[in-house]
Amino acid sequence: MKNASIDFGNTRVKVGLFKNQELLDIFRVGTLSETAELLRANSVDNAIVSSVTISNTEISKELKFLDSLLFLDFKTPLPIENNYVTPTTLGYDRIAAAVGANLRYPNQNCLIIDIGTAIKYDLVSADNTFEGGIISPGRKMRFNALHTFTKKLPLLNTVEIPELIGDSTESCMTSGVMNGIAAEINGIIDEYIKKLKLTVLICGGDAPYFETKIKYPTFAAPNLVLEGLNRILQYNVTEI
């Protein structure tokens with residue numbers, strides 16, 4: 001059987017095709033109808049959906065040809081324990097990434113660093129439990145804040161990490177944001193390592209910009225959310 005993990009983002013839909021736990025291919029499409037066409041063309045049997053942008057009812061109508069369709073929400077049974085005290089506010093991407101990390105490294109303390117619009121640091125403990133973590137502003141959010149809450153600072157969207165000491169307003173801003181994020185990541189890993197033996201995984205759209213600045217061994221896991229979604233699907237649909 002072929003499974004699909006479908007992550008409806010704000011602007012695009014990311015689809016991972018799996019056979020058992022093997023990731024066969026990844027697609028990015030723009031609409032729900034394109035998603036349905038993709039699943040039909042690839043003879044997908046079962047799918048899991050993570051969406052905060054399109055209603056479950058609308059998705060169900062479009063994907064009714066599937067054998068099984070699972071929607072991830074705070075009530076979905078998970079293959080790990082969840083110690084988050086406000087599960088209704090827990091982002092689907094965070095819990096899916098946690099499941100993906102646990103699938104890769106069971107019975108290990110895993111710190112997942114998702115570097116995107118926000119930077120999320122989430123811990124899965126060695127007893128296979130999601131413990132929560134930290135959320136801080138991401139790269140674009142920091143640049144936007146500098147521009148929005150001052151009168152003269154320009155709006156930047158730089159991805160290069162410069163020398164520490166800037167010699168112009170733009171290079172000072174870029175250093176503050178980019179070197180600041182790198183220092184934050186290393187500092188937070190420092191604090192975790194004081195308490196736990198860790199496996200560190202990084203993912204998210206901005207992760208490649210910071211990989212070389214992290215001073216600890218890390219594992220790049222760009223498809224961690226899709227892998228976690230597929231594991232949740234397998235856990236809930238017994239015939240897969």
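The values are calculated or read from the model by the stated rules, or taken from the named source; none is laboratory data. What you are looking at is a predicted structure, and each value in this text was computed from that prediction instead of being measured. No Cβ is skipped: glycine too gets one built from the backbone with ideal geometry, and neighbour counts run over all protein chains shown.
Are there strands (runs of 3 or more DSSP E) fully within segment 1-44 with at least 3 residues that are surrounded by fewer than 19 Cβ atoms within 10 Å (Cβ to Cβ) and free of Cβ contacts under 8 Å to residues at least 24 places away in the same chain? List them. Passing ranges, in order: 22-29. Looking across segment 158-176 at every residue that is of a type in the set (Val, Ile, Thr) and loosely packed, with under 14 Cβ neighbours inside 10 Å, the one that is nearest to Phe210 (Cα to Cα) is identified as Val159. Put simply, of Thr158, Thr174 the only residue that is outside any helix (DSSP H, G or I), β-branched (Val, Ile, Thr) and over 30 Å from Pro79 (Cα atoms) is Thr158. Residue-level analysis places Tyr105 among those that are farther than 28 Å from Ile54 by Cβ and either touching a residue at least 12 places away in the same chain (Cβ under 8 Å) or surrounded by fewer than 16 Cβ atoms within 10 Å (Cβ to Cβ) (or both). The numbered conditions (1) closer than 23 Å to Ile80 by Cα; (2) free of Cβ contacts under 8 Å to residues at least 24 places away in the same chain; (3) of a type outside the set (Gly, Ala, Ser) are all true for Ile134 except (2). Residues of segment 31-55 being closer than 21 Å to Pro222 by Cα and at pLDDT 95 or above, which ones? Correct list: Thr35, Ala47, Ile48, Val49, Ser50. For segment 163-183, the condition of being closer than 18 Å to Leu201 by Cβ, among the small types (Gly, Ala, Ser) and outside the structural domain of Ser50 (by TED's automatic domain parsing) holds for at least one residue.
So, Ile135, is that one part of a loop (DSSP other than H, G, I, E, B) and either out of contact with any strand residue (DSSP E or B) (no Cβ under 7 Å at 6 or more places or on another chain) or surrounded by fewer than 19 Cβ atoms within 10 Å (Cβ to Cβ) (or both) or not?
no
Of all the criteria given as (1) crowded, with 16+ Cβ neighbours inside 10 Å; (2) outside any helix (DSSP H, G or I); (3) not aromatic (Phe, Trp, Tyr), the one not satisfied by Pro79 is (1).
Filtered by the rule that a residue be assigned to a helix (DSSP H, G or I) and surrounded by 14 or more Cβ atoms within 10 Å (Cβ to Cβ), segment 194-223 gives Ala207, Tyr209, Phe210, Lys213.
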